[in-house]
Structure formats: C-alpha cells, structure tokens
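Have a look at the structure below, then the notes.
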Amino acid sequence: MTLKLQPGDALLIVDIQNDFLPGGSLGVHEGDQVIPLINDDIKAALAANIPIIASRDWHPANHISFIPQGGRWPPHCVQNTAGAAFNEALNLPESAIVINKAFKADAESYSAWSGETETGKSLHDLLKELGVKRLIIGGLALDYCVKATSLDAVTNGMIVLVQLQSTRAISPETGQEAIDAMRAAGVEFIK
Ligand code: VGL
Ligand code: ZN
C-alpha cells in the first residue's frame, strides 16, 4: 500500500474465509491472491498502530440465502465450520476485532454495517469509539460484501479507500457494476 496510514484510519478486511477461496463452496476466482497484499496491509496497520477489523459471513445452517432454503447461493460460511474459518494464510493478529454478519436465518445482509462484534457492538459504535474517520477496505467479494460495506461506510460518513488489487469479484459483470457504483458514491480507489 503506497498510502501513508495515520491516526483516524482503520483497516477493514472483508470475509477472507475458506468458503470464499478457491476450493471453497462459494470460491471466488483468484480470491487467494488478495491474501499477501492484505497481509502487507496488516503489517502496515500494526506499524502505524491503527485498528484492524475483520468481518466474517456467519450464517446459521438454514440461512435464507442458501439454495435449499430458496436462496441463490450454495451453503457457505456456516457458523463454526471449517468453511467459515478465516484462511490460515491470513496473518490476523490477536488484536484484530471480528465482526460477525448475516447470522440471522431469515435475513440476507452483505454489509459489515449490519454485523456486530462478539459482544454485540455494532460496527458503527465500534468505529465511533475508536475515532475512525477513514477506512481502508479489502477482501471478498467485491460485488457483494465489499461493495455493500463500502457504500454503507460512505453513508455513515467515512472516507473510504479500496485497493482493487486486494479484492476479487464473484463475476466480472457485477464486479464492474460494483466499481461503478462505489466510484459514484465517492469511494476512492488506491494502489
Ligand atoms: C458474500 C455472497 C454470499 C460476500 C456473502 O461476502 O461477498 N457473497 N454471501
Ligand atoms: Zn453469505
């Protein structure tokens, strides 16, 4: 990351979970390629002493987004399964704050802004407490959770920076639509 991190920044790592990586039940093409870049960002965040937040898709086994329940996705990221675990190549430090999302069986939610910490704190309250004004977002998938999280971040008054090399889309068409929608909303793309 060429960006200089500063107080008021936070790194938000979206859904680097086994099911979203090649070989997973909803594997994103080249999804594994983002991990070394995000690991570099983690190093930079630790050096700059800024918060590191990691979201995870955290579905109950009967989630409405799953095909057997009439949804559009194969079952993925079921709570406490290997598929829901953060990939072991991701160097998440002990100090990282985890945000669980989409854990209610009857509601789809792609955005980390609908998630909460293990102790039930919303992302909004967490960022306010930490004094975060600018979010550096990367992870999976660009066309769903990265997009929804970034757009909600702008709506919540954040400056939002996304490194395109640190994200991949489930499909190229929706990936391009995501980039267009994010740019139109004011998301900045950085190297
Ligand atoms: C996601 C599809 C289904 C994501 C989550 O994290 O982008 N995509 N559930
Ligand atoms: Zn999901």
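The values are calculated or read from the model by the stated rules, or taken from the named source; none is laboratory data. Here the structure is a predicted model, which means the values were calculated and not measured. Note that each Cβ is placed from the backbone with ideal geometry, even for glycine, and that neighbours are counted across all protein chains shown. Each accessible area value is taken on the protein alone, full model and side chains, heavy atoms only, with ligands, DNA and RNA left out. Shrake-Rupley method; radii C 1.70, N 1.55, O 1.52, S 1.80 Å.
Right, Gly71: out of contact with any Pro (no Cβ under 8 Å at 6 or more places or on another chain), within 13 Å of ligand 2 (Cβ to nearest atom) and outside any loop (DSSP other than H, G, I, E, B) or not?
Considered against the rule, which asks whether it is out of contact with any Pro (no Cβ under 8 Å at 6 or more places or on another chain), within 13 Å of ligand 2 (Cβ to nearest atom) and outside any loop (DSSP other than H, G, I, E, B), Gly71 comes out as no.
Here are some residues: Ser122, Ser111. Which one is under 18 Å from Arg56 (Cα atoms), touching a Leu at 6+ places or on another chain (Cβ under 9 Å) and small (Gly, Ala, Ser)? Reasoning before the result, please.
Working: Ser122 fails: touching a Leu at 6+ places or on another chain (Cβ under 9 Å).
Answer to the selection: Ser111.
Hey, among Asn62, Asn18, Asn80, which residue is closer than 21 Å to Lys104 by Cα and crowded, with 17+ Cβ neighbours inside 10 Å?
After applying the criteria, what remains is Asn18.
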Exercise. Check the stretch 81-91 and report whether any residue there is among the polar types (S, T, N, Q), in contact with a Phe, Trp or Tyr (Cβ under 6 Å, 6 or more places away or on another chain) and more than 17 Å from Leu11 (Cβ to Cβ).
Key: no
Quiz item: Can you find even one residue in the stretch 26-44 that is modelled with pLDDT of 95 or more, under 24 Å from Glu118 (Cβ atoms) and either open to solvent by 30 Å² or more (accessible area, probe 1.4 Å) or over 18 Å from the mean Cα position of the chain (by Cα) (or both)?
Solution: no
Quiz item: Which of the residues that make up the stretch 83-93 are open to solvent by 20 Å² or more (accessible area, probe 1.4 Å) and either within 11 Å of ligand 1 (Cβ to nearest atom) or out of contact with any Lys or Arg (no Cβ under 9 Å at 6 or more places or on another chain) (or both)?
Solution: Asn87, Glu88, Ala89, Leu92, Pro93
Exercise. Please indicate, with yes or no, whether at least one residue in the stretch 84-104 is farther than 29 Å from Leu130 by Cβ and of a type outside the set (S, T, N, Q).
Key: no
Quiz item: Which of the following residues is within 29 Å of Asn80 (Cα to Cα) and away from ligand 1 (no atom under 11 Å from the Cβ): Ala96, Ala112, Ala141?
Solution: Ala96
Quiz item: Looking only at residues in the stretch 99-109 that are open to solvent by 60 Å² or more (accessible area, probe 1.4 Å) and over 17 Å from Asn80 (Cβ atoms), which one is nearest to ligand 2 (Cβ to nearest atom)?
Solution: Glu108
Self-check item: Residues being among the hydroxyl-bearing types (Ser, Thr, Tyr), in contact with a Lys or Arg (Cβ under 9 Å, 6 or more places away or on another chain) and not in a helix (DSSP H, G or I) - total across the stretch 110-121
Solution: 2
Quiz prompt | Failed criterion for Gln69 (all others in (1) surrounded by 14 or more Cβ atoms within 10 Å (Cβ to Cβ); (2) in contact with a Phe, Trp or Tyr (Cβ under 9 Å, 6 or more places away or on another chain); (3) farther than 30 Å from Arg134 by Cβ hold) | solution = (2)
Practice problem: Return yes or no: is Gly138 more than 29 Å from Thr174 (Cβ to Cβ) and either away from ligand 2 (no atom under 16 Å from the Cβ) or free of Cβ contacts under 8 Å to residues at least 24 places away in the same chain (or both)? | Solution: no
Quiz prompt | Restricting the stretch 45-55 to residues that are open to solvent by less than 40 Å² (accessible area, probe 1.4 Å) and of a type outside the set (Gly, Ala, Ser), the residue that is farthest from ligand 1 (Cβ to nearest atom) | solution = Ile50
Quiz item: Among the residues of the stretch 47-63, is there at least one that is assigned to a loop (DSSP other than H, G, I, E, B), β-branched (Val, Ile, Thr) and at pLDDT 95 or above?
Solution: yes
